[in-house]
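What follows is a set of notes on a single structure, which appears directly below.
The values are calculated or read from the model by the stated rules, or taken from the named source; none is laboratory data. Everything numeric here is computed off the predicted structure, so don't read it as measured data. In this analysis, Cβ positions are derived from the backbone assuming ideal geometry, glycine residues included, and neighbour counts consider all displayed protein chains. Keep in mind that these areas ignore ligands, DNA and RNA; they rest on the heavy atoms of the full protein, side chains included. Shrake-Rupley method; radii C 1.70, N 1.55, O 1.52, S 1.80 Å.
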Amino acid sequence: MHAINFQKWNQIVGWSVFAIALTTYWLTVEPTVSFWDAGEYITTSSNLEVGHPPGAPLYQILGAFFSIFAMDEANVALTINLMSVFASAFTVLFLFWSLSLLLRQLNNNREQNKAIMVWKIIGGAAVGALAFAFTDSFWFSAVEAEVYAAAACIMSILFYCGLR
């Protein structure tokens, strides 16, 4: 029996989880402005203006970058909403990698079939990341222009880096 390369399958399944989340969020993204603060974030991002206190300067700079890709003014809201889509999909990716690191450390000292253990770790991480991806509150933030998706992305990257 061939040895299973954990790193290779961790990357393949991780990017597959990212693709599932990205596709799901992209298909359900708000095409225009939604309720609450999304309209203000879209306006201030696309025009590089100052929003309500305390503001979100990094979010607005990233939103200005995404608004460049709008084909016309009617699509500015969609492109800034897509920024949340990408941030949320990357959050799910880094959550998967964090879970696989934690599960691998948890099962590091056990003497079992290595191939089965690899699939348990990767499968558990995939189920955990996708379960989070499809929660109501996270999905709701993933499809509109709000700072929550970007904040979750930054936190998940920092948590993963801390585990590494």
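Within the chain, the whole DSSP H helices whose Cα atoms reach 27 Å or more along their own axis and whose mean Kyte-Doolittle score is at least 0.5 are 6-27, 76-106, 114-133. All other residues whose Cβ lies under 11 angstrom from that of Thr43 are scored, Lys and Arg at +1 and Asp and Glu at -1, for a net of -3. When Thr24, Thr32 are compared by accessible surface with a 1.4 Å probe, the order from highest to lowest is Thr32, Thr24.
Let a ≥ b ≥ c be the square roots of the eigenvalues of the Cα gyration tensor of the stretch 125-164; is it rounded (a/c under 1.5), or, if not, prolate (a/b larger than b/c) or oblate? Oblate is the answer for the stretch 125-164, as a/c is 1.5 or above yet b/c matches or exceeds a/b.
At a threshold of 8 angstrom on Cα-Cα distance, excluding pairs fewer than six apart, so keeping six or more, what relative contact order does the chain reach in percent? Relative contact order here is 34 percent.
Ranking Phe35, Phe18, Ala149 by Cα position along the charge dipole of the stretch 12-164, where only Lys, Arg, Asp and Glu carry charges on their C-beta atoms, puts Phe18 farthest toward the positive end.
Largest GNM mean-square fluctuation among Phe132, Phe86, Phe35, using the chain with Cα springs under 10 Å: Phe35.
Of the GluC sites (Glu not before Pro) found in the stretch 21-120, those that fall in a DSSP loop while having at most 16 other beta-carbon atoms within 10 Å are Glu49, Glu111. The Cα center of the stretch 19-47 and the Cα center of the stretch 124-164 differ in position by 16 Å. A simple spin-label model places pseudo-atoms 7 Å from Cα toward Cβ; at Phe159 and Gln105 they are separated by 1.3 nm.
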